[in-house]
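The values are calculated or read from the model by the stated rules, or taken from the named source; none is laboratory data. Small disclaimer: the values here were computed from a predicted structure and weren't measured. Heads up, the Cβs are rebuilt from the backbone with ideal geometry, glycines too, and the neighbour counts pull from every protein chain shown. Only protein heavy atoms, including side chains, enter the accessible area calculation; ligands, DNA and RNA are left aside. Shrake-Rupley method; radii C 1.70, N 1.55, O 1.52, S 1.80 Å.
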Amino acid sequence: SKFTRIQKSTDMEAKYKAAVEYYEKGNYYNALQLFEELIVVYRGTSRAEQTYYYYCECYFKTGEYTVAAYHYYNFSQTFPNSPKAEEALFKNAYCYYLDSPVSSLDQKNTMDAIRQFQLFINRYPESEKVTECNKLIDELRLKLETKEFNNAMTYYNMASYKSAMVAFQNIIKSYPSTIYKEECLYYILRSSWMFAEQS
């Protein structure tokens, strides 16, 4: 096939052009295979930066966000003066955001996304993307609040009132501005009363 011939070719210039062409046509899997070889070939040259960024983008476009996040971060560290370094660090955080599951599941990626967005804000405080980062952080924090609130409600519904009181109190301590504050206060009082009834 045409792709196999390009893959086996020793003409790196032709291979680079083909990789870019595949990328622009949306054939990210073929482009990825070619860029994977080219980032080694072009390491230390003027083309290394652009080749590696294409490589990162291919992983992002194919939905492999965990791998993409790693390479975007690595790009921002390897090419800190690149005009694409800021975008790469933002996309590193955004990949974690896209991998953040629903609130009922483990929230490791959610917490990682918050940390990475904060890292971006700290490194580029004047960036026009800071507003978007803060908006996404708020969205991710709400997911954490929801998980904590649902966990506390589970204790309450199981009639484990002492544990429920502690869980609701912890939500208010951890998230003072939580949208669940009023409900937490209500269930703290309710749990306290029910616990006293049990005693």
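Descriptive notes on the structure:
- Test: residue in segment 46-57 that is outside any helix (DSSP H, G or I), touching a helix residue (DSSP H, G or I) at 6+ places or on another chain (Cβ under 9 Å), in contact (Cβ under 8 Å) with a residue 12 or more places away in the chain and among the basic types (Lys, Arg): yes
- Residues (of a type in the set (Val, Ile, Thr) and either touching a Cys at 6+ places or on another chain (Cβ under 6 Å) or open to solvent by 20 Å² or more (accessible area, probe 1.4 Å) (or both)) located in segment 30-83: Ile39, Val40, Val41, Thr45, Thr62, Thr66, Val67, Thr78
- Within segment 145-162, considering residues that are polar (S, T, N, Q) and surrounded by 14 or more Cβ atoms within 10 Å (Cβ to Cβ), the one nearest to Ser100 (Cα to Cα): Thr146
- Within segment 58-102, being among the small types (Gly, Ala, Ser), closer than 18 Å to Ser127 by Cα and in a helix (DSSP H, G or I) holds for Ser76, Ala85, Ala88, Ala93.
- Glu86 being surrounded by fewer than 21 Cβ atoms within 10 Å (Cβ to Cβ) and in contact (Cβ under 8 Å) with a residue 40 or more places away in the chain: yes
- Options Leu185, Leu142, Leu136: the member that is open to solvent by 80 Å² or more (accessible area, probe 1.4 Å) and either part of a helix (DSSP H, G or I) or touching a residue at least 12 places away in the same chain (Cβ under 8 Å) (or both): Leu185
- Looking at Ser100, Ser1, just one residue is open to solvent by less than 30 Å² (accessible area, probe 1.4 Å) and either out of contact with any Pro (no Cβ under 8 Å at 6 or more places or on another chain) or over 29 Å from Lys129 (Cβ atoms) (or both), and that residue is Ser100.
- Of all residues in segment 163-182, those that are among the β-branched types (Val, Ile, Thr), in a loop (DSSP other than H, G, I, E, B) and open to solvent by 50 Å² or more (accessible area, probe 1.4 Å) total 1.
- Yes/no for Val130 being among the β-branched types (Val, Ile, Thr), closer than 24 Å to Tyr23 by Cα and surrounded by fewer than 20 Cβ atoms within 10 Å (Cβ to Cβ): no
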